[in-house]
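A.B. asks: Have a look at this one.
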Amino acid sequence: MDLKGKTVWITGASSGIGRALVLEFAKYGANIVLSARTVAALKAVQKEAGLTDANSLIVPMDLSKYDKYKLLVDKVTKKFGAIDYLVNNGGISQRALAHETALSVYEKLMAVNFFGNIALTQEVLPLMRARKSGTIATVSSVAGKFGTPMRSGYSASKFALSGYYEAIRAENYKENIRVVVVLPGFINTKVSVNALTAKGKAQGTMDSAQASAMSAEECAKRVVPGIVAGKHEVYAGAFRERFALFMSRHFPSIFARIIRKAKVT
């Protein structure tokens with residue numbers, strides 16, 4: 001786990017799992033690129049992680065505005081020369097029934113969670129292919145393995161990520177590029193506070209399941225070794241999420257009855 005001289009780019013780095021990933025990767029001496037919308041929050045994380053301007057770079061970005069990512073990639077490679085690990089973590093959740101949800105909310109979820117995510121990969125992937133080296137990780141969700149009430153658009157965006165990243169893993173195996181899909185369960189972050197409601201507004205409240213969940217720091221401790229090892233999938237969550245994954249895969253009819261009654265907020 002000695003990452004000295006390696007460069008790790010983390011999106012959604014200003015809070016939650018992204019912040020925790022910055023802190024964890026920093027322990028192993030990596031150069032870290034921090035991206036999110038708010039520069040002040042990124043600087044606070046940079047300082048908290050003990051990073052300096054020599055071994056880190058703040059690159060503001062909005063995942064819903066992904067048409068100029070090449071300029072950001074050029075900025076990173078100019079400073080560090082190469083991107084060894086790209087961790088696509090940024091995203092937004094949902095708390096709304098499908099029949100009440102405006103189409104514009106689905107469009108925003110896909111823009112941020114899917115297109116904003118893969119657009120950065122599309123820019124970085126050719127550089128890794130040229131070097132025949134690199135790891136691309138995406139933070140998906142157990143909701144990317146099965147749909148749950150109140151998260152139809154969120155689950156759809158995460159399912160889409162799995163399809164995309166499984167495809168590029170197969171395409172780039174001979175180029176020595178590793179692709180990791182991270183599947184957190186409930187993690188104690190503000191994801192439910194910022195989740196979009198049916199009209200596209202932030203929910204503004206913390207779900208009880210989120211409030212009592214695993215900490216983001218513990219999540220990062222479980223996830224980072226899996227990313228560095230290049231595992232295909234890395235799980236981080238409580239027994240209930242692992243049990244749900246098992247049931248959805250092996251007993252889908254029984255699981256369908258369970259999930260429609262489950263408390264998901």
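A.B. asks: Pick from the range 1-59 the residues that are of a type in the set (Val, Ile, Thr) and in contact with a Lys or Arg (Cβ under 7 Å, 6 or more places away or on another chain): which of them is surrounded by the most Cβ atoms within 10 Å (Cβ to Cβ)?
C.D. replies: Val45
A.B. asks: Which of the residues belonging to the range 243-265 are closer than 17 Å to Ser155 by Cα and either of a type outside the set (A, V, I, L, M, F, W, C) or within 21 Å of the chain's Cα centre (by Cα) (or both)?
C.D. replies: Ala244, Leu245, Ser248, Arg249, Pro252, Arg260, Lys263, Val264, Thr265
A.B. asks: Can you tell which of Tyr85, Tyr69 is touching a residue at least 60 places away in the same chain (Cβ under 8 Å) and not β-branched (Val, Ile, Thr)? Give the steps one after another, and end with the answer.
C.D. replies: Details: Tyr69 fails: touching a residue at least 60 places away in the same chain (Cβ under 8 Å).
Just one listed residue meets the conditions, Tyr85.
One line per residue, one yes/no per condition, for (1) crowded, with 17+ Cβ neighbours inside 10 Å; (2) modelled with pLDDT of 95 or more:
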{"site": "Ser152", "(1), (2)": "yes, yes"}
{"site": "Ser157", "(1), (2)": "yes, yes"}
{"site": "Glu175", "(1), (2)": "no, yes"}
{"site": "Arg178", "(1), (2)": "yes, yes"}
{"site": "Val182", "(1), (2)": "yes, yes"}
{"site": "Val191", "(1), (2)": "yes, no"}
{"site": "Leu196", "(1), (2)": "yes, yes"}
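A.B. asks: Hey, does the range 99-107 have a residue that's at pLDDT 95 or above and either over 26 Å from Lys199 (Cβ atoms) or part of a strand (DSSP E or B) (or both)?
C.D. replies: Within the range 99-107, the first condition is being at pLDDT 95 or above, and the residues that meet it are 99-107.
Imposing the further condition that a residue be either over 26 Å from Lys199 (Cβ atoms) or part of a strand (DSSP E or B) (or both) reduces the set to none.
Checked the range 99-107: no residue is at pLDDT 95 or above and either over 26 Å from Lys199 (Cβ atoms) or part of a strand (DSSP E or B) (or both).
A.B. asks: Pairs, please: C-beta under 8 Å, at least 6 apart or cross-chain, first residue exposed (fewer than 12 other Cβ atoms within 10 Å of the Cβ) and in the range 241-263, second modelled with pLDDT of 95 or more and in a helix (DSSP H, G or I)?
C.D. replies: Final answer for the pair search is Ile254/Met247.
Here is a yes/no grid of residues against (1) within 20 Å of Ala13 (Cα to Cα); (2) aromatic (Phe, Trp, Tyr):
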{"position": "Val223", "(1), (2)": "yes, no"}
{"position": "Val228", "(1), (2)": "yes, no"}
{"position": "Lys231", "(1), (2)": "no, no"}
{"position": "Val234", "(1), (2)": "yes, no"}
{"position": "Phe239", "(1), (2)": "no, yes"}
{"position": "Phe243", "(1), (2)": "no, yes"}
{"position": "Arg249", "(1), (2)": "no, no"}
{"position": "Pro252", "(1), (2)": "no, no"}
{"position": "Ile258", "(1), (2)": "no, no"}
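To keep it simple, each residue is scored yes or no on (1) more than 30 Å from Ala54 (Cβ to Cβ); (2) in contact with a Pro (Cβ under 7 Å, 6 or more places away or on another chain); (3) of a type in the set (Val, Ile, Thr); (4) touching a residue at least 60 places away in the same chain (Cβ under 8 Å).
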| position | (1), (2), (3), (4) |
| --- | --- |
| Ser93 | yes, no, no, yes |
| Glu107 | yes, no, no, no |
| Asn113 | yes, no, no, no |
| Ala130 | no, no, no, no |
| Ile177 | no, no, yes, no |
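A.B. asks: Are any residues in the range 1-50 farther than 25 Å from Phe186 by Cβ, of a type in the set (Ser, Thr, Tyr) and either in a strand (DSSP E or B) or modelled with pLDDT under 95 (or both), and if so, which ones?
C.D. replies: Residue satisfying the conditions is Thr7 alone.
A.B. asks: In addition: For the range 77-98, which positions are assigned to a strand (DSSP E or B) and not aliphatic (A, V, I, L, M)? Spell out the reasoning first.
C.D. replies: So in the range 77-98, the residues assigned to a strand (DSSP E or B) come out as 85-88, 94, 96.
Across the range 77-98, the qualifying residues are Tyr85, Asn88, Gln94.
A.B. asks: Anything in the range 149-187 that is touching a Cys at 6+ places or on another chain (Cβ under 9 Å) and either closer than 16 Å to Ser133 by Cα or polar (S, T, N, Q) (or both)? List them, or say none.
C.D. replies: Matches in the range 149-187: none.
A.B. asks: Could you please let me know if Asp62 is farther than 16 Å from Ser14 by Cα and either surrounded by fewer than 18 Cβ atoms within 10 Å (Cβ to Cβ) or of a type in the set (Phe, Trp, Tyr) (or both)?
C.D. replies: Working: farther than 16 Å from Ser14 by Cα: no; either surrounded by fewer than 18 Cβ atoms within 10 Å (Cβ to Cβ) or of a type in the set (Phe, Trp, Tyr) (or both): yes.
So Asp62 does not fit the description; no.
A.B. asks: Just the residues that are touching a residue at least 24 places away in the same chain (Cβ under 8 Å) and part of a loop (DSSP other than H, G, I, E, B), please, taken from the range 203-240. Full working, then the answer.
C.D. replies: Step one: of the range 203-240, the residues touching a residue at least 24 places away in the same chain (Cβ under 8 Å) are 203, 207-210, 212-217, 219-221, 223-228, 230-238, 240.
If the condition is that a residue be touching a residue at least 24 places away in the same chain (Cβ under 8 Å) and part of a loop (DSSP other than H, G, I, E, B), then Gln203, Asp207, Ser212, Ala213, Gly230, Lys231, His232, Gly237, Ala238 are the ones that fit.
A.B. asks: Anything in the range 51-76 that is in contact with a Leu (Cβ under 9 Å, 6 or more places away or on another chain) and part of a loop (DSSP other than H, G, I, E, B)? List them, or say none. Spell out the reasoning first.
C.D. replies: Applying the first criterion (in contact with a Leu (Cβ under 9 Å, 6 or more places away or on another chain)) to the range 51-76 yields 51, 56-61, 63, 66, 69, 72-73, 75-76.
Residues satisfying the conditions are Leu51, Val59, Pro60, Met61, Leu63, Tyr66.
The values are calculated or read from the model by the stated rules, or taken from the named source; none is laboratory data. Just so we're clear, the structure is a prediction, and the values are computed from it rather than from any experiment. Cβ coordinates were reconstructed from backbone atoms using ideal geometry, including for glycine residues, and neighbour counts include every protein chain displayed.
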